[in-house]
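Colleague: Below are the structure tokens for one structure; questions will follow.
The values are calculated or read from the model by the stated rules, or taken from the named source; none is laboratory data. From a predicted model like this one, the values you see are computed outputs, not experimental measurements. In this analysis, Cβ positions are derived from the backbone assuming ideal geometry, glycine residues included, and neighbour counts consider all displayed protein chains. Ligands, DNA and RNA are excluded from the accessible area calculation, which covers all protein heavy atoms including side chains. Shrake-Rupley method; radii C 1.70, N 1.55, O 1.52, S 1.80 Å.
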Amino acid sequence: EAGDDGSPEFQIAAALAGLHARREESGRAGVTLPMLEHLAPVSVRWIGGRRVHRWDPEGTHRVVWGHGTLARNLSRVVERRLLEASRGELPDRPLEGWFGASLTASSTWLSNAVDEERIARLLVGLALARIPGTIQRTHRPGVPAPAPYALLKPLFATDRQLRRIGRIGPDVRLPLPTEVARLLSADRTNSALSLGARLLRGRGMTPLYPSVRAPGASGPRLLAVLTVPLSDGALGRLLERAFATPDRDDISSSLQEHQSQEA
């Protein structure tokens, strides 16, 4: 935590460094696909509550970080994570975070007001560390989140988080946004927005915007920022502005039914 200066860059780097996926094995929850495995051919295991790094020559297919901008590198990261998720039997999208950034930090990046080279340098170092949940979050008013980001963000959050904030019921699963990510990476942002809106409407999430376009917006940068996990509070505030309020009675009854089945 000594390097935490409260800046958007540190928040973003910490949130990205803590990316991982949840898995279920023999009825027990576990962790897989840590961010570090995209930076170097290592395997990360948790032994006795401690994180252990081991050199893994067979893990080179997961290493996608290389030359190019931060946005391009993160585009490769998210595409690799979605590919790995499609091959494995993960219970959720592989975009879980140990730490969630503030909405201000993500919006600041979308407005091109951060130092991307600094984020990249911090990310490489923080990926080797254990990310605490006590990092300072910047809450600066006056940096609104653009509509394209708000529309697509549910596809780049986990179902687990969306349930925690009361946006979907336990029986709803949003799809992997593989094609949306490809379109953004190819800078076909408007096509990605149209597809994302259709996918979300099909799962009962109704956007408040009749249509969203992003003239001149960078698709790769939008994809990179979508990859950054948000805190529960930040995600809840963002979706309140972008989506119709879900039927609380339906969600509550679904949750009660799900809990009674587990009991």
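Colleague: Scan Val63, Val52, Val78 and give me the residue that is over 16 Å from the mean Cα position of the chain (by Cα) and modelled with pLDDT of 90 or more.
Modeller: Result: Val63 is the single residue among Val63, Val52, Val78 that is over 16 Å from the mean Cα position of the chain (by Cα) and modelled with pLDDT of 90 or more.
Colleague: State all residues of segment 110-123 that are aliphatic (A, V, I, L, M) and assigned to a helix (DSSP H, G or I); if no residue qualifies, say none. Reasoning before the result, please.
Modeller: Residues of segment 110-123 aliphatic (A, V, I, L, M): 110, 113-114, 119-120, 122-123.
Listed by number, the residues that qualify are Leu110, Ile119, Ala120, Leu122, Leu123.
Colleague: Here's a check for you: in segment 91-109, which residue that is assigned to a helix (DSSP H, G or I) and of a type outside the set (Ser, Thr, Tyr) is surrounded by the most Cβ atoms within 10 Å (Cβ to Cβ)?
Modeller: Once the filter is applied, the top-ranked residue is Ala105.
Colleague: Oh, and also: Looking only at segment 144-158, filter to residues that are surrounded by 19 or more Cβ atoms within 10 Å (Cβ to Cβ) and part of a loop (DSSP other than H, G, I, E, B); which one of those is modelled with the lowest pLDDT?
Modeller: Here the answer is Ala145.
Colleague: Looking at (1) within 28 Å of Ala234 (Cα to Cα); (2) out of contact with any strand residue (DSSP E or B) (no Cβ under 6 Å at 6 or more places or on another chain), which is the only condition His61 fails?
Modeller: (1)
Colleague: So, in segment 77-90, how many residues would count as being touching a residue at least 40 places away in the same chain (Cβ under 8 Å), open to solvent by 20 Å² or more (accessible area, probe 1.4 Å) and part of a helix (DSSP H, G or I)?
Modeller: The number of residues fulfilling the criteria is 5.
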